[in-house]
Amino acid sequence: MTSPAPFYTHPSQMAEALRKDGYAILPPQDVAALAGVPLATLNQLIPSWEGLEPDLYMKDGGRYRRRRHSCFILHGSELQQTPHRAHWQPLEYNALHGGMNRLFEPMLAETVALPAWPALLQGLGQLCSAARRSSTPWYVEAHQFRIDTTDGIGRPTPEGAHRDGVDFVAVILIGRKDIKGGESRLFEADGPNGKRFTLSEPWTLLLLDDAAVIHESTPIQPLQHYGHRDTLVLTWRSNGFQGQP
């Protein structure tokens, strides 16, 4: 069964869609407009996905995930990178890897220094603030992911359908190469409805209200011998980073 294409949200309706539906989707050109930069400027970030490091914390024994992780605080237009810190989630939100301090390799300094990086986070931060009708500081965790088919199959969300314990989750497709699968699936947290679609164009954005929807991505398989799917996942939290209580 062919996965449908995403139904895009008009940029002027993004905040309302998040409040009403729990999610919104923007095509690449609107993501660039949100960041206030040309799409070519965003594309300058893409080569950094070639330098991700293996995820050494995979409880399923998989070798299919590479990543980097860094944290930022956004207050208005001021973006500050924090000292490097571990990523932690409670078991309530991540049954597979929750309860672990996972210290991944940080994003490269030259990646964070590119003009596209603060522009993207500031644009998304303004949207999150508009959806919440709040000017609170945002505590942002940035995850660069590559899921590949080294093991024959790659699992973007090995923990299954989940929430992240934050306010908003931004999933941005960076690229797909020689794969099938990787379908995005959303489910109402407190209802029967669901959506399914496949992000296929680089810089397509899926933005989620984490309290309203549960999300997952289906496994990927190679079309020939090897393939991969690259994403940027940004989580937005208003009351500090998640950490061990």
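The values are calculated or read from the model by the stated rules, or taken from the named source; none is laboratory data. Being a predicted model, the structure only gives us computed values, none of them experimental. Neighbour counts are summed over all protein chains in view; Cβ atoms, including those assigned to glycine, are modelled from backbone coordinates with ideal geometry. These accessible areas exclude ligands, DNA and RNA; they are computed on the full protein's heavy atoms, side chains included. Shrake-Rupley method; radii C 1.70, N 1.55, O 1.52, S 1.80 Å.
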Q) Among the candidates Gly160, Gly181, Gly175, which residue alone is modelled with pLDDT under 95, among the small types (Gly, Ala, Ser) and either open to solvent by less than 50 Å² (accessible area, probe 1.4 Å) or under 23 Å from Glu16 (Cα atoms) (or both)? A) Gly160
(Q) Among the residues of region 137-144, are any assigned to a loop (DSSP other than H, G, I, E, B), closer than 22 Å to His84 by Cα, open to solvent by less than 60 Å² (accessible area, probe 1.4 Å) and touching a strand residue (DSSP E or B) at 6+ places or on another chain (Cβ under 9 Å)? (A) yes
Q. Of everything in region 214-237 that's more than 19 Å from Pro158 (Cβ to Cβ) and in a strand (DSSP E or B), which residue is most open to solvent (accessible area, probe 1.4 Å)?
A. Arg237
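If you take the residues of region 196-213 that are within 19 Å of Ile46 (Cβ to Cβ) and either outside any loop (DSSP other than H, G, I, E, B) or not small (Gly, Ala, Ser) (or both), which of them is farthest from the chain's Cα centre (by Cα)?
Of all residues in region 196-213, those within 19 Å of Ile46 (Cβ to Cβ) come to 199-206.
Keeping just the survivors that are either outside any loop (DSSP other than H, G, I, E, B) or not small (Gly, Ala, Ser) (or both) gives 199, 201-206.
Working: Leu199: 12, Glu201: 15, Pro202: 13, Trp203: 11, Thr204: 11, Leu205: 9, Leu206: 8 Å.
The selected residue is Glu201.
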Q. Which numbered condition trips up Ala170, out of (1) closer than 16 Å to Arg66 by Cβ; (2) open to solvent by less than 40 Å² (accessible area, probe 1.4 Å); (3) assigned to a strand (DSSP E or B)?
A. (1)
Q | Residue list for region 201-211, restricted to those being modelled with pLDDT of 95 or more and surrounded by fewer than 19 Cβ atoms within 10 Å (Cβ to Cβ) | A | Glu201, Pro202
Q: Looking only at region 187-195, decide whether some residue is at pLDDT below 95 and touching a Ser or Thr at 6+ places or on another chain (Cβ under 9 Å).
A: yes
(Q) Residue pairs, Cβ under 9 Å, 6 or more apart or interchain, first in region 27-51 and over 13 Å from Leu120 (Cα atoms) and in contact (Cβ under 8 Å) with a residue 40 or more places away in the chain, second open to solvent by 70 Å² or more (accessible area, probe 1.4 Å) and among the hydroxyl-bearing types (Ser, Thr, Tyr). List them. (A) Pro27/Tyr8
